[in-house]
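Student: Got a structure for you, questions after.
The values are calculated or read from the model by the stated rules, or taken from the named source; none is laboratory data. Everything numeric here is computed off the predicted structure, so don't read it as measured data. Using ideal geometry, Cβ is built from the backbone for each residue, glycine included, and neighbour counts are taken over all protein chains shown.
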Amino acid sequence: MHDRFLRACRREPVDTTPVWFMRQAGRYMAEYRKLREGRTLLELCKTPELAVEVTLQPLRLGMDAAILFADILLPLEPMGAPFEFAKGEGPVVHEPVRDRQGIDKLRVCDPEDGLGYVLQAIRLLRKELDGKTPLIGFAGAPFTIASYLIEGGKSSSYARTKALMWSDPESWHLLMGKIAEVVRRYLRAQIEAGAQAVQLFDSWIGSLSPHDYRTYVMPHVRHVLSDIGTMGVPVIHFGTGTATLLDLQKEAGGTVIGLDWRMPIGPTWDRLGSGVAIQGNLDPLLLCAPREVMLARVRAVLDEVGNRPGHIFNVGHGIVPETPVDNVKAAIDCVHEHAARSRE
Ligand code: CP3
């Protein structure tokens with residue numbers, strides 16, 4: 001078993017630093033674009049055989065983990081808030097939820113009804129991958145999912161989300177509680193179906209102050225992670241723009257904390273303490289930079305980490321579609337070689 005990813009999550013000794021990349025399957029790869037042609041993203045996600053194929057595509061580049069091909073917004077549909085990925089716009093929720101009436105109507109669904117295709121993809125993937133590469137499952141965290149549900153799509157200010165949070169805290173907590181319970185059941189079901197680690201994506205949490213995170217978000221993340229944390233698989237807790245939130249994020253749960261590139265990995269790890277593993281944190285746009293510039297920065301991340309146990313190399317946020325595939329391969333090889341050499 002190729003298990004250096006799982007070993008690093010548990011802060012056990014490894015032969016070299018494991019690496020995988022958020023959005024490692026996607027538009028930067030020709031194979032993905034070909035399979036996507038004439039199909040929507042949702043069709044790919046909802047057809048287990050296709051989701052399996054896409055999940056496996058990037059592994060030829062040498063990643064140490066596979067991440068299930070799906071999307072954090074999939075639970076919205078069975079909750080009663082259908083959406084689509086509109087060309088060039090990203091996700092569009094047809095009827096955004098902005099008041100108590102809308103929140104009351106949302107269903108706290110079980111993953112078996114409405115998300116069974118994800119669980120089926122996991123079962124198929126475990127058969128394909130067994131003995132080779134570990135499989136990561138994932139879900140969106142309550143705040144990040146709520147932001148799409150309330151805004152109706154991507155937002156830069158989260159104005160409506162914050163308006164609801166501050167003007168009607170009771171409804172806000174009802175909404176967050178419903179999403180958190182769906183996410184808890186969904187992650188549980190993914191692990192039961194065979195996911196060997198899970199990542200909770202709280203991508204947009206960096207828009208909040210520590211006070212608001214603690215008051216309006218943290219109890220709901222804790223609801224998810226205190227339960228999932230008992231299942232014996234590594235839990236990666238990821239956010240971006242989290243420099244002021246990391247201590248609270250760590251308190252909320254997770255055995256691995258995911259960092260973006262805005263924070264220096266060494267001092268940030270010192271601040272969080274040795275009791276946690278760290279994933280990160282190359283700026284994903286460096287994968288589009290001149291090769292030597294990129295490689296120097298890959299080595300700089302590894303050198304900053306030094307011999308601390310529990311590092312999983314990753315980008316600080318998803319790979320962008322413009323990324324040259326060769327650079328991804330070169331980055332992976334560089335991580336493996338440089339980190340192995342530093343261990344000699
Ligand atoms: O990492 C992986 O390889 C697994 C697959 C994965 C996708 N989405 C597929 C996808 C994962 C882990 C996600 C998570 C996700 N989805 C997040 C959290 C991570 C992050 O990026 O912050 C968020 C916020 C979403 C919501 C989402 N999905 C947006 C905003 C968009 C449109 C933006 C864009 O890049 O076009 C998507 C679409 C999406 N999800 C794509 C992929 C590969 C784009 C590809 C396509 O349209 O074919």
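Student: Pull out all pairs, ordered by first then second residue, where Cβ-Cβ is under 9 Å, the residues are six or more apart or on different chains, the first lies in the stretch 198-225 and is small (Gly, Ala, Ser), and the second is in a helix (DSSP H, G or I) and away from the ligand (no atom under 16 Å from the Cβ).
Tutor: Listed pairs, sorted by first residue: SER207/LYS162.
Student: Exactly one of (1) of a type in the set (A, V, I, L, M); (2) more than 16 Å from the ligand (Cβ to nearest atom); (3) more than 13 Å from GLN279 (Cα to Cα) is unmet by VAL328. Its number?
Tutor: (2)
Let's see how each residue does on (1) under 18 Å from the mean Cα position of the chain (by Cα); (2) under 19 Å from GLN190 (Cβ atoms):
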| residue | (1), (2) |
| --- | --- |
| ARG7 | no, no |
| ARG11 | no, no |
| TRP20 | yes, yes |
| ALA30 | no, no |
| ARG33 | no, no |
| GLU49 | no, yes |
| GLY88 | no, no |
| VAL108 | no, yes |
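Student: Please find, within the stretch 166-178, the residue that is surrounded by the fewest Cβ atoms within 10 Å (Cβ to Cβ) out of those that are in contact (Cβ under 8 Å) with a residue 60 or more places away in the chain and part of a helix (DSSP H, G or I). Quick ask: steps written out before the conclusion?
Tutor: Let us first name the residues in the stretch 166-178 that are in contact (Cβ under 8 Å) with a residue 60 or more places away in the chain, namely 168, 171, 174-175, 178.
So of that shortlist, the ones also part of a helix (DSSP H, G or I) come out as 171, 174-175, 178.
On the way: SER171: 19, LEU174: 14, LEU175: 25, LYS178: 20.
Restricting to residues being in contact (Cβ under 8 Å) with a residue 60 or more places away in the chain and part of a helix (DSSP H, G or I), the top hit is LEU174.
Student: When you look at GLN24, is it touching an Asp or Glu at 6+ places or on another chain (Cβ under 6 Å) and either closer than 30 Å to ARG4 by Cβ or within 8 Å of the ligand (Cβ to nearest atom) (or both), yes or no? Write out each step before concluding.
Tutor: On the way: touching an Asp or Glu at 6+ places or on another chain (Cβ under 6 Å): no; either closer than 30 Å to ARG4 by Cβ or within 8 Å of the ligand (Cβ to nearest atom) (or both): yes.
No; evaluated as a whole, the condition is false for this residue.
Student: Here's something else I'd like to know. Given ALA30, ALA86, which one is among the small types (Gly, Ala, Ser), within 16 Å of the ligand (Cβ to nearest atom), surrounded by fewer than 18 Cβ atoms within 10 Å (Cβ to Cβ) and modelled with pLDDT under 95?
Tutor: On the way: ALA30 fails: modelled with pLDDT under 95.
Result of the check over ALA30, ALA86: ALA86.
Student: I'd like the residue in the stretch 191-205 that is touching a Leu at 6+ places or on another chain (Cβ under 7 Å) and either aromatic (Phe, Trp, Tyr) or in a helix (DSSP H, G or I) (or both) and, out of all such residues, is nearest to ARG160 (Cα to Cα).
Tutor: Residue satisfying both the conditions and the ranking: ILE205.
Student: Further, regarding this structure: Just give me the residues in the stretch 295-319 being in contact with a helix residue (DSSP H, G or I) (Cβ under 6 Å, 6 or more places away or on another chain) and within 16 Å of the ligand (Cβ to nearest atom), in sequence order.
Tutor: ILE312, PHE313, VAL315, HIS317, ILE319, listed by residue number.
Student: Conditions first: (1) buried (at least 17 other Cβ atoms within 10 Å of the Cβ); (2) within 14 Å of the ligand (Cβ to nearest atom). SER155 passes all but one, so which condition is the exception?
Tutor: Only one criterion in (1) buried (at least 17 other Cβ atoms within 10 Å of the Cβ); (2) within 14 Å of the ligand (Cβ to nearest atom) is unmet by SER155, namely (1).
Student: Of the residues GLY90, GLY62, which is of a type outside the set (Lys, Arg) and over 27 Å from GLY254 (Cα atoms)?
Tutor: Going through GLY90, GLY62 in turn, just one is of a type outside the set (Lys, Arg) and over 27 Å from GLY254 (Cα atoms): GLY90.
Student: In the stretch 62-93, which residues are free of Cβ contacts under 8 Å to residues at least 40 places away in the same chain and assigned to a loop (DSSP other than H, G, I, E, B)?
Tutor: ASP71, GLY80, PRO82, LYS87, GLY88 - these are the residues of the stretch 62-93 that are free of Cβ contacts under 8 Å to residues at least 40 places away in the same chain and assigned to a loop (DSSP other than H, G, I, E, B).
Student: Looking for whichever is free of Cβ contacts under 8 Å to residues at least 60 places away in the same chain, within 15 Å of the ligand (Cβ to nearest atom) and over 14 Å from VAL198 (Cα atoms) here; the options are LEU272, LEU259. Which one fits? Lay out the reasoning, then the answer.
Tutor: Values: LEU272 fails: within 15 Å of the ligand (Cβ to nearest atom).
The unique qualifying residue is LEU259.
Student: State whether the residues of the stretch 49-59 include one that is among the charged types (D, E, K, R), farther than 18 Å from GLU322 by Cα and either more than 10 Å from the ligand (Cβ to nearest atom) or free of Cβ contacts under 8 Å to residues at least 24 places away in the same chain (or both). Show your work before the answer.
Tutor: Taking the stretch 49-59 first, the residues among the charged types (D, E, K, R) are 49, 53.
With farther than 18 Å from GLU322 by Cα added as a condition, the list becomes 49, 53.
Narrowing the set further to residues that are either more than 10 Å from the ligand (Cβ to nearest atom) or free of Cβ contacts under 8 Å to residues at least 24 places away in the same chain (or both) leaves 49, 53.
Among the residues of the stretch 49-59, at least one is among the charged types (D, E, K, R), farther than 18 Å from GLU322 by Cα and either more than 10 Å from the ligand (Cβ to nearest atom) or free of Cβ contacts under 8 Å to residues at least 24 places away in the same chain (or both), which makes the answer yes.
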